[in-house]
Amino acid sequence: MTYVQKRSLSGLLFLAPYALAFAAFVLAPIAVALVLAFMQFDLTSRSTIHFVGAKNFSDAVKDDYFRQAFVVTLRYVVLMVPGLIVASLGMAMGMNAMTRGRNTVRALLFLPGMFNVAVTAILWMWFYDGQFGLFNYLLKGMGVGPAPWLSDKSWAMGSIVLMSLWWACGGTAIILLAALQQIPKQIFEAAAIDGAGPAPLFSKITLPQLKPVLLFVVVTNTIAAFQVFGQPYLLTRGGPELSTRGLVQYIYETAFNNYRLGYGAAMSWLLFLVVAAFALAQYRFLRRGSV
Amino acid sequence: MWLLALLFLTPAVLMILTAFKPEAEVLNPASAIPKHWTLENFAYVLGWAEEAPFTRWLLNSLFISTSVTLLVAVFSSMAAFAITRLKAPGGGLFLGIVVASMMIPGQLFLVPLYLMLSRLHWLDTPAALIVPATAGGFGVFMLSAFMRSIPGAVEEAALIDGCSPLGLYLNVSLPLCAPAVATLAIFTFIGSWNDFMGPLVFMDSVRNYTLPVGIALYQSSYYAEYGKTLATSALATAPLIIVFLAFQRQIVDSMASTGLKE
C-alpha cells in the first residue's frame with residue numbers, strides 16, 4: 001500500500017465513529033421525518049400506517065389550532081427578536097464605554113444564560129404569581145393593585161418575553177460587544193474631529209460596522225425564537241385560552257399526547273420551511289439594505 | 001452598567017436567599033435576607049422519596065451530561081483529525097453536509113427520533129439521551145476550523161516518516177487542540193445539562209428523569225410552595241454555577257467569538 005492509500009484508510013477509520021452517529025441520528029431521522037409527513041400514522045391504533053399524500057399538509061393549513069399556534073409564535077418572534085437586539089446592543093455599547101470592571105459586568109450579564117429553562121421558569125413563576133408573587137408584592141408596596149402577569153390573555157405573552165429577555169440578552173450582548181471592540185478607534189476619532197455628534201456616529205459608523213455580526217445575531221435569534229417551547233410551556237402551559245401556545249408546543253402535543261406522529265412530522269416540516277424562509281429573507285434584506 | 005449587572009443578578013441572589021427562608025417568610029417577603037435562616041427546604045428536597053427523587057435526578061444528569069461530553073469530545077476530535085490531517089477521502093464534502101445539517105431546527109428530529117428509539121428499545125434509558133447527542137455537528141465544525149487555522153506541516157512530516165496516525169492524534173494533534181476541545185466540552189456539558197425537550201419526550205418513569213424535567217414536574221405538583229421549589233432550583237443550578245465560575249473567562253470569550261467567525 002502506498003503512503004497516500006494508508007493515510008486515506010486510517011482517515012476513514014478515524015472518521016467512522018462520528019460518521020456512523022451522524023448517519024444514524026441525523027440523516028436517518030431526516031429521511032424518516034420526510035416519509036412520515038406523507039403518512040397517516042397514529043400510535044393509538046397500531047395498524048393504521050398508510051400513505052395519504054399531501055393530506056397532512058393541507059390539513060395543517062386548514063387547522064384552526066395550527067393557525068392560532070402560528071400567530072402565537074409570530075407574536076413571540078416579533079416581540080422577542082427586536083427587543084433582544086435593541087437591549088443587547090444597548091448593553092454592549094454600555095459595556096464598551098466602561099473603563100474598569102468590564103469583564104466582571106460581562107460575566108454577570110451572561111450568568112442568567114447558564115440557568116436551565118426549568119429553573120428560569122420556576123424563579124419567574126414566583127415573581128409573577130398573582131397572590132404570593134414578588135412583583136405583585138412590590139406593586140402593593142407602591143400602592144398599585146395586583147397585575148395579572150400570567151393569568152390575563154393580554155399580559156401573558158409580554159411576561160414570557162420579559163423573562164426570556166432576562167435569560168438570553170447577556171449572550172447576545174457579549175457577541176455584540178466583541179464586534180464593537182473590533183471597530184478601529186481611528187474611524188470614530190476622525191469622525192469626531194470632523195464634528196460628528198453621537199447620533200451620526202451611531203448610525204453612520206457603529207451600525208454599518210456591526211452589520212455582519214448584527215445579521216448573524218438577528219438570523220440565529222429568529223431561528224431560535226420560532227422554536228420557542230420551554231418558557232411558555234412551563235410558565236403558562238400555553239394558556240390562558242391557548243394565547244401562548246406556540247407551534248412547537250402544538251406539534252409536541254399532537255405527536256406525544258395525541259400520538260398523531262404523521263401529522264406532527266408534517267407540521268414540523270412546515271415550521272422548518274417558515275423558519276428557512278424568514279432566515280433567507282432577513283439575510284437577503286439585511287445584506288443589501290442600508291442598515 | 002454596574003446597576004444593570006446587579007439588576008440581572010438579583011433574581012439569582014433572591015433564589016438562593018429565599019431557599020433559606022421558612023415558608024411563612026417566603027410568602028411575606030418583607031426583607032430579602034431571611035430573618036430565620038433554615039436548612040429545612042434543602043433537607044426536605046434531598047430527603048425525598050420515590051415520587052420526587054432529587055438525588056437520583058442529579059445522578060442521572062451527571063451521568064448523562066458527562067457521557068455526552070466525553071463522547072462528543074472524542075468523536076468530534078477524531079473526525080476533525082481525519083478531515084484536516086489525514087485528508088480522509090470525501091472529508092470536505094462530509095463536513096459540508098454536517099454544517100448544512102446544523103441549520104435544521106432540532107424540533108424536526110423529535111418525532112422520527114422517538115420512533116427510532118422506541119424500535120431500539122432505548123426509550124426511558126440513558127442511551128436515548130446520550131447516543132443521539134453524539135451526532136451533533138457543532139464539534140466537528142468547530143474543531144475542523146480550529147485545526148485548519150494551525151499549520152499541519154509537522155504532522156504531515158511525522159506521517160511520512162511512518163508515525164502511526166493514532167500516536168500522532170494522541171501525542172500531537174489532541175494536545176495542540178486542547179483549548180478548543182475544552183471549550184467544546186464546556187459548551188456540550190452545559191447544553192446537555194440544560195436540555196429540556198429531550199428528556200421530556202424520551203423519558204417515561206419519574207426516576208429516569210434528568211434534573212430540568214424532574215424539577216419542572218415537581219414544581220407543578222407542589223404549586224406555590226416556593227421555598228421548596230427554589231431550593232430545588234438552587235441545588236440544580238449549583239453544579240453549573242461552579243462550572244461557570246471555574247471557566248468563566250473561557251466560556252465568555254468563546255461566546256464572544258461566535259459572531260466573529262463568520
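The values are calculated or read from the model by the stated rules, or taken from the named source; none is laboratory data. Note that the structure is a prediction, hence the values are computed from the model and not measured. Reconstructed Cβ throughout: ideal geometry from the backbone, glycine too, with neighbour counts over all protein chains shown.
When you check A:L79 against the structure, is it without any contact (Cβ under 8 Å) to a residue 60 or more places away in the chain and either buried (at least 18 other Cβ atoms within 10 Å of the Cβ) or facing chain B (nearest Cβ under 9 Å) (or both), yes or no?
So A:L79 does not fit the description; no.
Sort out which residues of segment B:110-127 are touching a residue at least 12 places away in the same chain (Cβ under 8 Å) and either at the interface with chain A (Cβ under 8 Å from one of its Cβ atoms) or part of a helix (DSSP H, G or I) (or both), and write them in order of number.
B:L110, B:L113, B:Y114, B:L117
Out of all the residues in segment A:54-76, is one or more within 11 Å of chain B (Cβ to nearest Cβ), free of Cβ contacts under 8 Å to residues at least 40 places away in the same chain and either within 30 Å of B:A80 (Cα to Cα) or buried (at least 16 other Cβ atoms within 10 Å of the Cβ) (or both)?
No, there is no match, as no residue in segment A:54-76 is within 11 Å of chain B (Cβ to nearest Cβ), free of Cβ contacts under 8 Å to residues at least 40 places away in the same chain and either within 30 Å of B:A80 (Cα to Cα) or buried (at least 16 other Cβ atoms within 10 Å of the Cβ) (or both).
Of everything in segment B:180-203, what is touching a residue at least 24 places away in the same chain (Cβ under 8 Å), of a type outside the set (A, V, I, L, M, F, W, C) and under 30 Å from B:G152 (Cβ atoms)? Give them in sequence order.
Across segment B:180-203, the qualifying residues are B:T183, B:T188.
For every residue, the table says whether it meets (1) touching a Ser or Thr at 6+ places or on another chain (Cβ under 6 Å); (2) more than 7 Å from chain A (Cβ to nearest Cβ); (3) under 20 Å from A:L234 (Cβ atoms).
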| site | (1), (2), (3) |
| --- | --- |
| B:G191 | no, yes, yes |
| B:Y209 | no, yes, yes |
| B:Q219 | yes, no, yes |
| B:L245 | no, yes, no |
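Scan segment A:105-112 and give yes if some residue there is of a type in the set (K, R) and crowded, with 21+ Cβ neighbours inside 10 Å, otherwise no.
For segment A:105-112, residues of a type in the set (K, R) and crowded, with 21+ Cβ neighbours inside 10 Å: present.
In segment A:167-255, which helices (runs of 4 or more DSSP H) lie fully inside it and hold 2 or more residues that are surrounded by fewer than 17 Cβ atoms within 10 Å (Cβ to Cβ) and touching a helix residue (DSSP H, G or I) at 6+ places or on another chain (Cβ under 7 Å)?
Qualifying helices (runs of 4 or more DSSP H): A:185-193.
Which count do you get for residues in segment B:158-173 that are more than 12 Å from chain A (Cβ to nearest Cβ) and either among the aliphatic types (A, V, I, L, M) or at positive phi (or both)?
1
Those residues that are within 12 Å of chain A (Cβ to nearest Cβ), among the small types (G, A, S) and under 26 Å from B:F81 (Cα atoms), I need them from segment B:128-147; list them, please.
B:A133, B:A135, B:G136, B:G137, B:G139, B:S144
Can you pull out every residue in segment B:144-172 that is closer than 17 Å to B:F75 by Cα and buried (at least 19 other Cβ atoms within 10 Å of the Cβ)?
B:S144, B:F146, B:M147, B:P165, B:L168, B:Y169
Checking A:Y263 against (1) buried (at least 23 other Cβ atoms within 10 Å of the Cβ); (2) under 18 Å from the mean Cα position of the chain (by Cα); (3) among the aromatic types (F, W, Y), which test does it fail?
Of the numbered conditions (1) buried (at least 23 other Cβ atoms within 10 Å of the Cβ); (2) under 18 Å from the mean Cα position of the chain (by Cα); (3) among the aromatic types (F, W, Y), the odd one out for A:Y263 is (2).
In the set B:L129, B:L143, B:L168, which member is within 30 Å of A:L273 (Cβ to Cβ), modelled with pLDDT of 90 or more and not basic (K, R)?
Result of the check over B:L129, B:L143, B:L168: B:L129.
For segment A:138-158, state whether one or more residues are surrounded by fewer than 16 Cβ atoms within 10 Å (Cβ to Cβ), of a type in the set (A, V, I, L, M, F, W, C) and not in a helix (DSSP H, G or I).
Among the residues of segment A:138-158, at least one is surrounded by fewer than 16 Cβ atoms within 10 Å (Cβ to Cβ), of a type in the set (A, V, I, L, M, F, W, C) and not in a helix (DSSP H, G or I), which makes the answer yes.
Out of B:F63, B:F94, which single residue is facing chain A (nearest Cβ under 8 Å), part of a helix (DSSP H, G or I) and not acidic (D, E)?
From the options B:F63, B:F94, the qualifying one is B:F94.
Give the residue, chosen from A:A279, A:A225, that is within 9 Å of chain B (Cβ to nearest Cβ) and either of a type in the set (G, A, S) or under 24 Å from B:M103 (Cα atoms) (or both).
None of the others qualify; the one that does is A:A279.
Can you tell me which condition A:L43 does not meet? The list is (1) surrounded by fewer than 16 Cβ atoms within 10 Å (Cβ to Cβ); (2) over 30 Å from A:V217 (Cβ atoms), and all the others hold.
The number of the failed condition is (1).
Which of (1) modelled with pLDDT under 90; (2) of a type outside the set (S, T, Y); (3) touching a helix residue (DSSP H, G or I) at 6+ places or on another chain (Cβ under 7 Å); (4) under 30 Å from A:G246 (Cα atoms) is the odd one out, the single condition B:G191 does not satisfy?
So B:G191 meets the others, but not (3).
Please go through segment B:114-137 and give me each residue that is surrounded by fewer than 23 Cβ atoms within 10 Å (Cβ to Cβ) and under 23 Å from B:G96 (Cα atoms), ordered by number.
Of everything in segment B:114-137, those that are surrounded by fewer than 23 Cβ atoms within 10 Å (Cβ to Cβ) and under 23 Å from B:G96 (Cα atoms) turn out to be B:V131, B:P132, B:A133, B:G137.
Residue by residue through segment A:1-25, note down the ones that are among the hydrophobic types (A, V, I, L, M, F, W, C) and surrounded by fewer than 20 Cβ atoms within 10 Å (Cβ to Cβ).
Result: A:M1, A:V4, A:L9, A:L12, A:L13, A:A16, A:L20, A:A23, A:A24.
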